[in-house]
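A short reminder: the numbers here are calculations on the coordinates, not readings from a lab. This one's a predicted model, so the numbers in the text were calculated from it and none came from an experiment. Cβ placement follows ideal geometry from the backbone for every residue including glycine, while neighbour counts extend to all protein chains displayed.
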Amino acid sequence: MSDVKYFNFPVTLLKELFEDKQKVLNDILYFALYSHSLKMDAEDLYSNSEFNKFTTAAKFYNVDLGGNDQNKKNKLKQGKALFESIPTDTPKVGLNISIFWDYYKNDKSEFEIACLAAFLAIKSILGTKPYCKTDNSFLWARMSGNAKAIKDVNKLSEGVKKYANDYQTVKIKTALREGWKLVTYSRYTRGFYVSFTLDLPALILEAETRRKSTKEKQYRQHEKEIVKQVLAGLKEATS
């Protein structure tokens, strides 16, 4: 069983990732800590306070909250406010804490930030599925922190607009394949298939099997409609 830990948060927190990486990562951190604190059961009633659960959640993730108790309470307040302001059914995603701290502690180029946004967008689209089919408009929307696809590029976040074209998106997908373990497939498909768990042959098999099944269903439906038309014609001709 993997001992990798993740900060889980709603995709809406990604909206200002390009504009203020540090603020967004802080929001992700405090949201994740508060969310995790709600699942914690302390050993005694005194430790069962909201503040102690929050600090215990920080220890679980080996996070040094820094500062005095008032400073820590402010971070708790921030995490709680975020948690309560975002609908519970908002799509969520988990970010490996090692990737989180790499981006938190180090300077990153705009393209590296775009790769992180795309990585999280695809993970949020996949959810618990081993693979799925998506398209660029849905990818860009999730990169912008939106739950649903956005057809109008002008409605994307400012940071994502620059990458909302085929050239930049191909570059991002290539980077994710080479450094983030993404597997993609898009032969004769509207959109593309993605997975972080299947290898390429397995993903191709799933995609082609699904395509064959879809074509058969479309043919049977077309055949059904033709039969209906022919029978209607025969009935009219003999009446």
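Before moving on, here are some points about what is shown:
- Residue exposure sequence - ARG190, ARG210 - by fewest surrounding Cβ within 10 Å: ARG190, ARG210
- For the chain, adding -39500 (n - 2.57) for each run of n ≥ 4 DSSP H residues and dividing by the number of residues yields -18500 deg cm²/dmol at 222 nm.
- Calculated SAXS-style log₁₀ I(q)/I(0) at q = 0.15, 0.16, 0.19 Å⁻¹ - region 6-105, Debye, Cα scatterers: -0.58, -0.67, -0.94
- Cβ-to-Cβ counts within 10 Å put VAL230, VAL24, VAL11 in ascending order as VAL230, VAL24, VAL11, the fewest first.
- The mean sequence distance of close C-alpha pairs (under 8 Å, at least 6 residues apart), as a share of the length of the chain, puts its relative contact order at 20 percent.
- Among CYS132, CYS115, a tally of other beta-carbon atoms within 10 Å of each Cβ gives an order, fewest to most, of CYS132, CYS115.
- Lys, Arg +1 and Asp, Glu -1 on Cβ, resulting dipole of region 110-203 about Cα centre, debye, nearest 20: 300 debye
- Three semi-axes describe the equivalent ellipsoid of region 65-122; taken as square roots of 5 times the Cα gyration tensor eigenvalues and ordered largest first, they are 25, 19, 9 Å.
- Diffusion coefficient of the chain by Stokes-Einstein, Kirkwood radius over Cα pairs, 20 °C, 1.002 mPa s: 104 µm²/s.
- When only alpha carbons are used to place a centre, region 82-132 and region 156-206 end up 15 Å from one another.
- Of VAL153, VAL183, VAL63, the residue with the greatest mean-square motion in the GNM of the chain, using alpha carbon springs below 10 Å, is VAL63.
- Using a Gaussian network model of the chain in which every pair of alpha carbons under 10 angstrom is joined by a spring, one finds that among LEU95, LEU76, LEU38 the greatest mean-square fluctuation is at LEU38.
- Folded to 0 to 90 degrees: helix 69-85 orientation relative to the chain principal axis, Cα: 20 degrees
- P(r), alpha carbons of region 145-237 - 5 Å bins starting at zero, rounded %: 2, 11, 13, 14, 14, 12, 10, 7, 6, 5, 4, 2, 1, 0
- Couplings 3J(HN,Hα) for region 101-117, derived from phi with the Karplus relation 6.51 cos²θ - 1.76 cosθ + 1.60 (θ = phi - 60°), are 5, 4, 6, 6, 8, 10, 5, 10, 6, 4, 5, 5, 5, 4, 5, 4, 4 Hz, where x marks Gly and Pro.
- Computed over the chain with a Gaussian network model linking Cα atoms closer than 10 Å, the most mobile of GLU158, GLU223, GLU178 is GLU223.
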